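Presented below is the structure to which this report refers.
No lab work stands behind these numbers, since they all come straight from the coordinates. Quantities reported herein were computed from a predicted structural model and do not represent experimental measurements. So basically every Cβ, Gly included, is an ideal-geometry build from the backbone, and we count neighbours across all protein chains shown.
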Amino acid sequence: MNLEIILHAGLATGTILLFAAIGEVFAERSGILNLGVEGMMLLGAMAGFSTSLATNNAWLGLLVAMLAGGILSLAHALVTINFQADQVVSGLSLTFLGTGLALVLGEGLTGQHPPTIPIVDIPLLSSIPFLGAVFFSEHSILVYVGYIFAPLTAFYINKTRPGMHLRAVGEKPSAADTLGISVYGVRYFYTFVGGMLAGLAGATISLSVSPGWYSTQTTSGQGWIAIGLVIFAQWNPMRAAFGGYLFGMLRRFILDLQGPALIFGMTNPLYVNSNYGFFLQMMPFILTIIALVWGSRAASRKRIGAPAALGVPYIRGERGL
Amino acid sequence: MNLPYTLIFEKRTEDYPKWLPAAVSIGSVVVAFIISGILLKIIGGEPLRVIKFFFTATFGSWAVFSDTMVKATPLILVGLACTVAFKMKLWNIGAEGQFYMGAFFASLVVLVPMVNLETTPKFLVIVLMMIMGMIGGAIWGFIPGILKAKYNVNEIIITLMLNYIALYWNNFWIFDKWSDAGFQMTPQFEKVAWLPRLSDLAREYRMFSGITLHLGVIIAIIAAAIIWWILERSRWGYEIKLIGDNPKAARYAGLNITKNIILVFMLSGALAGLAGMSEISGVVHRLQERISPGYGFTGIIIAWLAKLNPFTVILVSILFGALIVAGREIQPSGIAYLLQGIILFMVISSDVLLRYKIRLINLKPQEA
């Protein structure tokens with residue numbers, strides 16, 4: 001167990017959650033709850049992986065992954081925005097659909113080795129003692145993208161005009177409509193953005209953090225954890241990013257616990273009997289529950305709620321939000 | 001782009017005819033099958049052969065129909081579990097985990113063992129396993145229930161997380177404590193813990209030989225009747241529906257919402273747990289990995305497709321039982337997920353037909 005390695009690997013795994021969670025922040029801020037993140041991630045992971053395999057170009061893989069996630073999310077947009085179907089059920093069917101498509105199209109991809117996203121050092125910054133080694137060296141380019149992505153998103157949502165439109169549509173669509181903002185247009189757009197980011201998160205796994213295609217094991221529930229993080233982060237992209245990194249580090253720490261024969265001078269039961277590892281594997285899910293409970297209580301104390309129109313279809317001229 | 005025609009969505013003002021919901025549901029399933037067929041064709045399959053195979057492999061003879069019903073049994077119970085929760089707009093996505101916890105608790109009866117398996121009558125062992133299964137599922141339903149009721153924590157995420165936790169929990173026991181000679185399963189249960197099967201009667205009635213249909217299907221149908229009675233005829237069912245449809249009105253009416261959330265979650269969990277018990281006692285006869293090929297998730301689709309009607313749940317479960325039986329042999333395995341996703345999408349989008357009339361309007365001025 002080495003703190004430097006835990007932090008370093010945690011940033012990489014956290015990047016996956018960061019992309020997925022911020023994507024979901026976008027969608028939910030516009031009023032669309034998309035529970036299909038796991039399916040979109042899996043489809044993105046498969047699409048990115050197979051594209052990179054076919055074209056020998058990992059960047060093209062990323063692009064296709066984002067498009068795949070985005071296009072899949074449009075099914076959710078159509079059904080929830082135009083047909084005003086229940087967003088929970090639609091999101092779940094999106095998970096089925098994405099998982100099914102990924103498994104069917106991903107048949108036979110296991111064990112292949114396409115090119116992956118390059119790993120680079122940031123000049124100068126990487127030579128800072130400790131911090132340089134943790135934050136700025138030997139990371140996939142996507143990790144560095146993640147660093148700037150969260151603050152950019154926060155700035156976009158809170159300080160720019162389109163960001164204000166996004167918030168307006170999520171909080172009070174009828175008012176936004178009166179101002180001439182296209183409620184349906186905005187919701188379609190950010191559902192698509194959320195889908196693209198989920199696809200990117202999937203490809204971040206399959207082309208960068210743990211390269212490969214392991215069918216449903218590729219994402220292994222991280223899409224759901226990302227949705228949990230959004231609530232924990234109270235729909236704030238910066239908090240979602242920190243939550244993602246924190247989770248990534250905890251995950252890595254938990255994995256590392258199985259390694260040494262001695263922990264704090266005592267025999268490590270996990271080392272003696274690897275079956276105790278099942279309890280460790282539960283930890284990310286238990287931690288998500290704890291984070292959610294804590295986040296919900298903090299939110300209700302501070303009276304921070306979900307976007308007011310989250311999950312509510314907008315029908316012009318009808319009573320409601 | 002100027003098309004001469006346009007689609008107009010017109011809000012229905014009058015009630016729709018009684019046959020419409022059923023017609024729309026059946027229609028949407030048919031459309032889902034057609035879309036899946038086209039998809040199958042695109043990826044290089046032979047849809048017509050698959051469909052023919054589907055019917056012979058699932059309804060073609062008594063033996064395969066019995067297989068279909070065996071698969072439908074846990075689906076009915078899990079579908080009912082989702083129905084109860086969804087009636088109150090509680091999103092219990094955790095039937096899968098509750099199923100596994102039910103299976104685990106029911107196994108305790110045999111594996112601890114909780115009773116002397118040599119001397120206790122079969123009837124008592126089975127009833128005890130049913131009760132334990134329901135307790136296991138109810139505990140797993142209690143957790144999201146109390147978190148939702150007391151702290152308003154999103155139950156979707158909690159129930160999903162609990163699914164994974166239940167899986168790992170079961171794995172620990174079958175890999176470690178109860179592993180049968182290092183295999184990832186417990187030893188086979190004593191016969192006394194098996195639900196009676198039709199094939200048990202083969203000596204008296206030759207026609208039953210090889211028919212694996214077990215008592216679980218009767219339990220499931222009785223459960224459906226009880227749930228129907230609770231939801232449609234009892235005071236509690238009325239409260240559940242009122243809270244689901246209009247929580248504000250329910251609060252003003254003085255209903256205890258906190259208590260009802262917890263109780264409904266526990267009932268939902270107990271039904272899913274009973275499904276787990278029925279599966280290990282009626283089919284696999286041991287606790288092992290993958291006793292459920294995603295029954296818990298299929299239950300969500302079933303409940304929705306059945307429009308939350310307990311008796312329709314039975315019919316829809318038979319259809320999905322058939323899908324699972326046929327799906328075991330259709331490659332690649334993802335097709336089953338794909339089909340379920342498409343069906344669910346079609347069903348929820350078709351609801352729009354109940355709320356709106358869709359008209360094709362000719363935009364060109366009518367020529368006299």
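What does the charge count near A:T80 come to, summing +1 for each Lys or Arg and -1 for each Asp or Glu among other residues with Cβ under 9 Å from its Cβ? List each step's numbers first, then the result.
Numbers: positive: A:R187; negative: A:D86.
Overall, the nearby charge balance is 0.
Ordered by the count of other Cβ atoms within 10 Å of each Cβ, fewest first, A:Y156, B:Y252, A:Y147 give B:Y252, A:Y156, A:Y147.
Working note: Karplus 6.51/-1.76/1.60 with θ = phi - 60° gives region B:63-77 the couplings 5, 6, 5, 5, 4, 4, 5, 4, 6, 5, 4, x, 5, 4, 5 Hz, where Gly and Pro are set to x.
Go through A:K172/B:K241; A:K302/B:K148; A:K302/B:K241; A:K302/B:K150; B:K87/B:K148; B:K89/B:K148 and tell me which ones have a Cα-Cα distance over 21 Å in this structure. Don't skip to the end; give the middle numbers.
Working: A:K172/B:K241 28 Å; A:K302/B:K148 18 Å; A:K302/B:K241 32 Å; A:K302/B:K150 17 Å; B:K87/B:K148 16 Å; B:K89/B:K148 12 Å.
Where the Cα-Cα span goes over 21 Å, the pairs concerned are A:K172/B:K241; A:K302/B:K241.
From least to most packed, judged by other beta carbons within 10 angstrom and beginning with the fewest, B:W62, B:W140 follow the order B:W62, B:W140. Once you order the gyration tensor axes a ≥ b ≥ c over the Cα atoms, which shape class does region A:207-321 get: rounded for a/c under 1.5, otherwise prolate or oblate by comparing a/b with b/c? The shape class here is prolate. Scalar couplings 3J(HN,Hα) for region B:274-280, obtained by applying the Karplus form with A = 6.51, B = -1.76, C = 1.60 to θ = phi - 60°, are 4, 4, x, 4, 4, 5, 6 Hz; x denotes Gly and Pro.
Counting other Cβ atoms within 10 Å as a rough exposure proxy, the listed residues B:M346, B:M114 run B:M114, B:M346 from fewest neighbours to most. Taking Cα centroids, how far is region B:239-302 from region A:27-59 in Å? About 32 Å separates the Cα centre of region B:239-302 from the one of region A:27-59. GNM remark for chain A: springs join alpha carbons under 10 Å apart, and the peak mean-square fluctuation among A:P260, A:P211, A:P307 falls on A:P260.
For A:H139, the residues whose amide H sits under 5 Å from its own are A:V120, ignoring neighbours fewer than 5 places away on the same chain, with H placed 1.01 Å from N.
Computed from backbone phi with θ = phi - 60° and the Karplus coefficients 6.51, -1.76 and 1.60, the 3J(HN,Hα) list for region B:129-144 is 5, 4, 5, 5, x, 5, 4, x, x, 5, 4, 5, x, 5, 4, x Hz; x is used for glycine and proline. For B:Y356, the residues whose amide H sits under 5 Å from its own are B:R12, ignoring neighbours fewer than 5 places away on the same chain, with H placed 1.01 Å from N.
Rounded to the nearest 20, the size of the Cβ-charge dipole of chain B about its Cα centre is 800 debye, with Lys and Arg at +1 and Asp and Glu at -1. Positive-end ranking of A:L35, B:I139, B:Y238 along the dipole of the protein assembly as shown, with charges on Cβ about the Cα centre, is headed by B:Y238. Since only A:F26, A:F242, A:H76 are under comparison, the one whose Cα sits farthest along the positive direction of the charge dipole of region A:3-249, derived from C-beta charges on Lys, Arg, Asp and Glu, is A:F26. Pairing the Cα long axis of helix A:141-159 with the longest principal axis of chain A, what angle in degrees results, from 0 to 90 and rounded to the nearest 10? Its long axis makes an angle of about 30 degrees.
Computed over region A:38-106, the convex hull of the alpha-carbon atoms projects to a mean area of 4.2 nm². Its relative contact order, with pairs defined as Cα atoms under 8 Å and 6+ residues apart, puts chain A at 35 percent.
Volume per residue of the convex hull around the Cα atoms, evaluated for the protein assembly as shown, comes out as 205 Å³.
Given only helices, namely DSSP H runs of n ≥ 4 each adding -39500 (n - 2.57), what is the per-residue ellipticity at 222 nm of chain B, to the nearest 500 deg cm²/dmol?
One gets -21500 deg cm²/dmol as the mean residue ellipticity at 222 nm.
Between the helical axis of A:3-29 and the longest alpha-carbon principal axis of chain A there is an angle of about 10 degrees. Report D for region A:3-249 in µm² per second (integer): Stokes-Einstein, Kirkwood Rh on Cα pairs, 25 °C, 0.890 mPa s. For these conditions, the coefficient is 137 µm²/s.
Other protein chain C-beta atoms within 10 Å of residue C-beta, averaged over A:82-94: 6. Its relative contact order, with pairs defined as Cα atoms under 8 Å and 6+ residues apart, puts chain B at 36 percent.
Note the angle between two axes, namely the Cα long axis of helix A:87-105 and the longest principal axis of the Cα atoms of chain A, as a number of degrees from 0 to 90, rounded to the nearest 10. Its long axis makes an angle of about 50 degrees.
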